[in-house]
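Undergrad: Quick one: structure below, then a few questions.
The values are calculated or read from the model by the stated rules, or taken from the named source; none is laboratory data. Fair warning: this is a prediction, and the values are worked out from it, not measured in the lab. Neighbour counts run over all protein chains shown; Cβ positions are idealised from the backbone, glycine included. Ligands, DNA and RNA are excluded from the accessible area calculation, which covers all protein heavy atoms including side chains. Shrake-Rupley method; radii C 1.70, N 1.55, O 1.52, S 1.80 Å.
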Amino acid sequence: MRNGHRLGRRFGWFWAAYGTSALGTWLAFGAFPLIAVQVLHAGPAEVAALSSAGAAVGAVVAVPLGPWMEFRRKRQVLIAMDLTRFAALLTVPAAFALGALTFLQLLLVSVVVAAADITFRAASGAYLKNLLPAEELLVANARFESTAWTITIVGPPLGGAAIGLLGPVATVLADAVSYLLSALGIRATGGHEPRPGRRETARMRAGDLLDGWRYILSDTALRPLFFNTALFNGLVMAAQPLLAVQMLGQLGFAPWQYGLAFAAPSIGGLFGSRLARPLVTRFGQHQVLVAAGSLRAVWPIGLALLGPGTGGLLLVIGVEFGLILCCGVFNPVHATYRLQRIATDRVTRTLTAWAVTTKGTTALLTALWGVLGSLFGPRTAIGLAGVFLLATPLLLRREETLPSEPKPARNRT
């Protein structure tokens, strides 16, 4: 590690850009549903469509972008995606000021932003792999993880205060500006990025859209990790709406208590991200990946025991703290392992396929668990999610598989 843990000026700008856009996202968290209800007087079905359909369609739109950006300089793609999100979000306050804002516009903007989000994340992984040597990736990912949890703690309260003072449209404007600042930060990274190798065929074919999934499923190390993370994330997120119904409805918790139950445990993410590198140094990357990935699955079933009052609130805080602590360790180790394992000429396609699958699985399981909650009640459905989560560690490989740079795969003729 050169200069201790200093990763250089270029990474510093990249890190600052990440933090700026993440803060803008959390400031505007929940702004679109609020605009739909307060400004456009939308009903429950429209709000649900805005939250789910926008992300789902955005994921579909992002599928062809993976192969497209594989053969382009990633820094240019990152700047383009930031400017795309800036321009799309800026249309909302502009239309509001002109009295021309519609629900269709909100839906279209949510699709564009969702597709750009997936594309940006995939390109950022490839850019980070080119920016830093392999031995520094874990430090970088741990810093991203720590920043994410810090902003999760401070962002929603600040956003809530801003919405209360200025309205939800103002936070959308702040989010738009954050992407412009992120684009400027990424541009400031400078340096020379080598041009990716040209593909053998000039035009992209329909079969190229599946390259990312083919690559994952053909790799014995990536395949079990892929299914584990998609299922784990989907089950955790599927239980969240039911937990909100139970806490805010049946058990009578106040909104501030509900917010506290999920904001305070985010401190665990800070601790976990700081522990990731020392643990890997002592026990090894694969051992930490399996241990943290297994331990994070143990906590959610405790939410089935949720009751009213202070005891119930402390239970949720304790369960979420344990879950987030384990995720804080797992996430940067997982991100590093994945980047080290994927061949350089396949990173964006593979990460795009990974993100699309995760979003699709989450949407599907959330809808399914909504039905289960209606049939059997929120507590039973939350418990079922916890039981299935206990099985997810079975998808992690127990034998040691050292990450290595696979040979670049040849493009099909």
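Undergrad: Where the second residue is open to solvent by 30 Å² or more (accessible area, probe 1.4 Å) and among the charged types (D, E, K, R) and the first is more than 23 Å from residue 63 (Cα to Cα) and lies in region 91-120, which pairs have Cβ atoms under 7 Å and are six or more apart or on separate chains?
TA: 103/46
Undergrad: Check 351, 325, 279, 275 and return the single one that is open to solvent by 40 Å² or more (accessible area, probe 1.4 Å), touching a helix residue (DSSP H, G or I) at 6+ places or on another chain (Cβ under 6 Å) and farther than 30 Å from residue 158 by Cα.
TA: 279
Undergrad: Then there is this: Confirm whether residue 344 is modelled with pLDDT under 90, surrounded by fewer than 21 Cβ atoms within 10 Å (Cβ to Cβ) and among the β-branched types (Val, Ile, Thr).
TA: For residue 344, the condition - modelled with pLDDT under 90, surrounded by fewer than 21 Cβ atoms within 10 Å (Cβ to Cβ) and among the β-branched types (Val, Ile, Thr) - is met.
Undergrad: Which one of 269, 322 is over 22 Å from residue 222 (Cα atoms), modelled with pLDDT of 95 or more and either among the polar types (S, T, N, Q) or within 20 Å of the chain's Cα centre (by Cα) (or both)?
TA: Exactly one of 269, 322 is over 22 Å from residue 222 (Cα atoms), modelled with pLDDT of 95 or more and either among the polar types (S, T, N, Q) or within 20 Å of the chain's Cα centre (by Cα) (or both), namely 322.
Undergrad: Now for a different question. Taking the options 106, 137, 65, name whichever one is at pLDDT 90 or above and more than 30 Å from residue 271 (Cα to Cα).
TA: On inspection, the qualifying residue turns out to be 106.
Undergrad: Counting just the residues of region 17-41 that are β-branched (Val, Ile, Thr) and either surrounded by 17 or more Cβ atoms within 10 Å (Cβ to Cβ) or over 19 Å from residue 91 (Cα atoms) (or both), which one comes out modelled with the highest pLDDT?
TA: Checked region 17-41; the qualifying residue modelled with the highest pLDDT is 20.
Undergrad: Restricting to region 364-377, what's the tally of residues that are open to solvent by less than 50 Å² (accessible area, probe 1.4 Å) and either over 15 Å from residue 235 (Cβ atoms) or within 17 Å of the chain's Cα centre (by Cα) (or both)?
TA: Going through region 364-377 one residue at a time, the tally reaches 3.
Undergrad: So, one more: Specify which of the listed residues (155, 185, 167) is within 22 Å of the chain's Cα centre (by Cα), closer than 28 Å to residue 95 by Cβ and modelled with pLDDT under 90.
TA: Step by step, each of 155, 185, 167 is checked, and only 155 is within 22 Å of the chain's Cα centre (by Cα), closer than 28 Å to residue 95 by Cβ and modelled with pLDDT under 90.
Undergrad: Still on this structure: Which pairs have Cβ atoms under 8 Å, sit 6 or more apart or on different chains, and link a residue in region 211-222 that is over 12 Å from residue 341 (Cα atoms) and open to solvent by 10 Å² or more (accessible area, probe 1.4 Å) to one that is at pLDDT 90 or above and charged (D, E, K, R)?
TA: 217/223
Undergrad: A further question on this structure: Here are some residues: 361, 336, 344. Which one is within 16 Å of the chain's Cα centre (by Cα) and under 25 Å from residue 210 (Cβ atoms)?
TA: 361
Undergrad: Of the numbered conditions (1) among the polar types (S, T, N, Q); (2) closer than 28 Å to residue 255 by Cα; (3) open to solvent by less than 10 Å² (accessible area, probe 1.4 Å), residue 146 satisfies every one except a single condition; which is it?
TA: So residue 146 meets the others, but not (3).
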